[in-house]
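Peer 1: The following block contains the structure, expressed as structure tokens.
Read-outs: derived from the displayed coordinates by stated rules, not from any lab. Every value quoted in this text rests on a predicted model; they were computed, and no experiment measured them. Backbone-built Cβ (ideal geometry, glycine too); neighbour counts: all protein chains shown.
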Amino acid sequence: MPITLKELADFCDARIVGGDLSTAIYSAADITAAQEGQVTQLTSSRYVQHIKNSTASACFIAEGFAVDNIPESLALLICADPEISFIKAVELLHPARVYAKNISPQAVLEHNVTLGTDVCIGPFAVIGENAVIGDGSTILAGVYVGNNVTMGKNCKIYPYAVIYDDVVVGNNVIIHSGSIIGADGFGYKFRNNVHVKVPQVGNVVIDDNVEIGANTCIDRGALGSTLIGSGTKIDNLVQIGHNNKVGKNVIMCGLTGISGSCNIEDYAILAGSSGVADHVTIGQGAVVMARSGVAGDVKAGTQVFGSPAKDKKTAYKEQIALSKLPELLKRIKLMEAKIQALEQAAD
């Protein structure tokens with residue numbers, strides 16, 4: 001359903017410059033592709049060149065952001081934070097799907113399940129014994145929720161996610177398709193030429209406002225809990241081993257792997273394909289850059305890169321030095337040849 005430019009600006013706390021207040025806005029789009037009836041955003045000087053020929057009807061832009069060659073048909077929506085305003089616009093123009101609050105007749109609810117109000121349970125979902133599902137939560141088709149699981153309010157579990165027994169899920173948690181929460185940790189002892197499995201009898205505790213991407217695995221603790229702090233966002237295809245303690249508002253990008261018993265402190269960032277050895281602490285606000293391998297503790301607020309990971313500046317200098325190595329070897333060979341010629345002449 002379209003809204004007017006004025007309604008959009010009012011909703012997003014933006015000031016309109018140019019354009020027609022009654023212009024209909026139907027949807028949102030990237031600045032490189034936005035057309036008439038769409039709103040976009042401009043937050044970086046790298047994309048300024050796209051404004052000149054844009055046919056978009058409106059564009060969010062920060063107060064004081066200088067831009068020339070604005071088409072007459074394009075209204076600027078000037079605001080304090082264009083990225084957040086644009087997010088609000090996208091949510092308004094592209095509302096999330098609303099699922100009917102009912103229990104599918106194809107769902108299986110085991111003994112003594114407790115359901116809150118306005119809960120959705122999709123077809124072929126299985127809810128184990130003594131599970132508790134909070135108000136407003138949505139469990140979609142084919143999800144498995146194990147025995148004794150406790151789930152808070154307004155959670156959304158996408159199709160074919162698996163939540164093992166005894167897991168605790170907070171409020172407003174999103175778990176995407178294919179994720180497995182609470183599988184056994186990878187623990188073995190080598191005795192008499194065989195690997196003896198260490199029983200994994202702990203659980204996983206996920207705090208409020210966590211989002212877990214598709215096909216991510218979070219292992220249960222061996223004895224205690226694997227903890228995921230509030231506000232943490234975990235990408236697709238991430239592996240979190242047993243007994244990890246992940247703090248608040250941590251970011252973990254795709255293909256990150258964390259061994260057991262690590263401590264990932266608040267606001268840390270683990271970029272794509274990074275790996276962390278067991279019993280390592282990543283300090284508060286630290287950044288592990290993409291494809292880095294962390295074998296030791298990382299201090300709070302630092303940035304590390306490489307494998308083994310080290311201070312970013314040091315690692316970059318080493319990379320630059322390595323890039324010069326082929327030329328350096330050529331020069332050494334030439335010097336060796338000259339020295340050999342001089343030695344032969346002296347003889």
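Peer 1: Loop only per DSSP, at most 14 neighbouring Cβ atoms within 10 Å: give me the chymotrypsin sites (Phe, Trp or Tyr not before Pro) in segment 79-160, ordered by residue number.
Peer 2: 99
Peer 1: Would you please give the FRET efficiency between residue 338 and residue 295, computed as 1/(1 + (r/R0)^6) with r the Cβ-Cβ distance and R0 = 45 Å, to the nearest 0.05?
Peer 2: 0.60
Peer 1: Here is a further query. Send over the Kirkwood Rh of segment 108-313, from the inverse of the averaged 1/r over different Cα pairs, rounded to one decimal Å.
Peer 2: 17.2 Å
Peer 1: Here's another thing I want to ask about it. Of 28, 2, 48, which is farthest towards the positive pole of segment 1-70's charge dipole, taken about the Cα centre with +1 and -1 on the beta-carbons of Lys, Arg and Asp, Glu respectively?
Peer 2: Checking the options against the dipole of segment 1-70, the answer is 48.
Peer 1: Moving to a separate point now. Nearest 20 debye, what's the magnitude of the dipole of segment 136-287 about its Cα centre given +1 on Lys and Arg Cβ and -1 on Asp and Glu Cβ?
Peer 2: 220 debye
Peer 1: What full-extension length gain, to one decimal in nm, is calculated for residue 129 and residue 87 as 0.36 nm per residue of separation minus the Cα-Cα distance?
Peer 2: Net length gain for the segment: 11.2 nm.
Peer 1: Hey, in the GNM for the chain with a 10 angstrom Cα cutoff, which one of 182, 301, 257 fluctuates hardest?
Peer 2: Of the options given, 301 has the highest mean-square fluctuation.
Peer 1: Projecting each Cα onto the charge dipole of the chain (Lys/Arg +1, Asp/Glu -1 at the beta carbon, about the Cα centre), which of 142, 264, 94 comes out farthest on the positive side?
Peer 2: Of 142, 264, 94, it is 264.
Peer 1: Given points 7 Å out from each Cα along the Cα-Cβ axis, report the residue 141 to residue 13 separation in nanometres with one decimal.
Peer 2: Computed distance between label sites residue 141 and residue 13 equals 4.0 nm.
Peer 1: For the pairs 6/153; 6/52; 248/310; 233/310; 156/197; 88/245, flag any whose C-alpha to C-alpha distance is greater than 28 Å.
Peer 2: From 6/153; 6/52; 248/310; 233/310; 156/197; 88/245, over 28 Å: 6/153; 156/197; 88/245.
Peer 1: Please work out the FRET efficiency for the pair residue 46 and residue 331, using the Cβ-Cβ distance as r and a Förster radius of 30 Å; give the result to the nearest 0.05.
Peer 2: Here the calculated transfer efficiency is 0.15.
Peer 1: Would you mind finding the longest exposed-site-free stretch of the chain, with exposed trypsin sites (Lys or Arg not before Pro) meaning DSSP loop and at most 15 other Cβ atoms within 10 Å?
Peer 2: 102-290
Peer 1: Then there's this: Classify segment 3-93 as rounded, prolate or oblate from the Cα gyration tensor: take a ≥ b ≥ c as the square roots of its eigenvalues, call it rounded if a/c is under 1.5, otherwise prolate when a/b beats b/c and oblate if not.
Peer 2: Rounded.
Peer 1: So the label point goes 7 Å from the Cα of residue 24 along Cα→C-beta, right? Which residues of segment 53-84 then have their backbone N under 16 Å from it?
Peer 2: Within reach of a label on residue 24: 57-58.
Peer 1: What residues qualify as long-range amide H neighbours of residue 226, i.e. H under 5 Å apart, gap of 5 or more or another chain, H built at 1.01 Å from N?
Peer 2: When sequence neighbours closer than 5 places are left aside, the close amide H contacts are 203, 204, 205, 221, 243.
Peer 1: Continuing with this model, one more query. Volume per residue, Å³, of the convex hull around the alpha-carbon atoms of the chain?
Peer 2: Hull volume normalised by residue count: 222 Å³.
Peer 1: If r is the Cβ-Cβ distance from residue 223 to residue 284 and R0 is 30 Å, what FRET efficiency results, to the nearest 0.05?
Peer 2: According to the calculation, E is roughly 0.70.
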